[in-house]
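Here is the structure we will look at.
The values are calculated or read from the model by the stated rules, or taken from the named source; none is laboratory data. All values reported here derive from a predicted model rather than from experimental measurement. Neighbour counts run over all protein chains shown; Cβ positions are idealised from the backbone, glycine included.
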Ligand SMILES: C=C(O[C@@H]1C=C(C(=O)O)C=C[C@H]1O)C(=O)O
């Protein structure tokens, strides 16, 4: 039975269990590159804010499956359009996922992770969760999407929190 009343909390729910407002669903269920879609709204850039090696949190460990218990590169960035923060993202890349041909994912700097993920062999997004909660920097509550990607057979997580400024930009583009 889909959840309709979603209270602000930290729990990720399988996307198919939620009834989302049409505009929100259009973005959270988009199978393509978020970077490419944001670039279509205006001048875009990625502002890295954190890059550490550490343990995924409890839910991330579960979402990564058996790779979850090992250390991972944690990357947190803000995505800006017209210099306005519109998305806060947290990516969790297990160190074994970064071995070999995937090693470029560990050194993205201010380049979009998406530019590497969608390059051949393109990563496959194989599971999506949704939540309505705080962003990594504590903004919100706002809608969030957690995606598990598999690149060359190895998993990684990308959580994107859609800040209110994105909906403002879409609904009042001239503001
Ligand atoms: C996964 C993508 O990459 C985007 C870029 C990110 C980064 O540079 O860390 C993180 C989340 C994504 O919104 C995408 O463009 O779809």
### Message
Conditions first: (1) part of a helix (DSSP H, G or I); (2) in contact with a helix residue (DSSP H, G or I) (Cβ under 8 Å, 6 or more places away or on another chain); (3) more than 10 Å from the ligand (Cβ to nearest atom); (4) farther than 11 Å from residue 157 by Cα. Residue 66 passes all but one, so which condition is the exception?
### Response
(2)
### Residue match in region 135-148 (condition: assigned to a helix (DSSP H, G or I) and either touching a helix residue (DSSP H, G or I) at 6+ places or on another chain (Cβ under 6 Å) or within 11 Å of the ligand (Cβ to nearest atom) (or both))
no
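Here is a yes/no grid of residues against (1) closer than 26 Å to residue 138 by Cβ; (2) over 14 Å from the mean Cα position of the chain (by Cα); (3) without any contact (Cβ under 8 Å) to a residue 24 or more places away in the chain:
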| site | (1), (2), (3) |
| --- | --- |
| 16 | no, yes, yes |
| 36 | no, no, no |
| 46 | yes, no, no |
| 71 | yes, yes, no |
### Query
Does residue 106 satisfy being at pLDDT 95 or above and surrounded by 20 or more Cβ atoms within 10 Å (Cβ to Cβ)?
no
### Query
In this structure, is residue 42 exposed (fewer than 15 other Cβ atoms within 10 Å of the Cβ), assigned to a helix (DSSP H, G or I) and on the phi > 0 side of the Ramachandran plot?
no
### Query
In region 31-43, which residues are in contact with a helix residue (DSSP H, G or I) (Cβ under 8 Å, 6 or more places away or on another chain) and either under 20 Å from residue 105 (Cα atoms) or at pLDDT below 95 (or both)?
33, 34, 35, 36
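Quick check, is residue 95 at pLDDT 95 or above and closer than 17 Å to residue 49 by Cβ?
So residue 95 fails the test.
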#### Entry: Whichever residue in region 96-114 is in a helix (DSSP H, G or I) and touching a strand residue (DSSP E or B) at 6+ places or on another chain (Cβ under 8 Å) and, among such residues, is nearest to the ligand (Cβ to nearest atom)
113
### Task
Working only within region 45-63, note down all residues that are part of a strand (DSSP E or B) and either modelled with pLDDT under 95 or within 24 Å of residue 163 (Cβ to Cβ) (or both).
45, 46, 47, 48, 49, 50, 51, 52
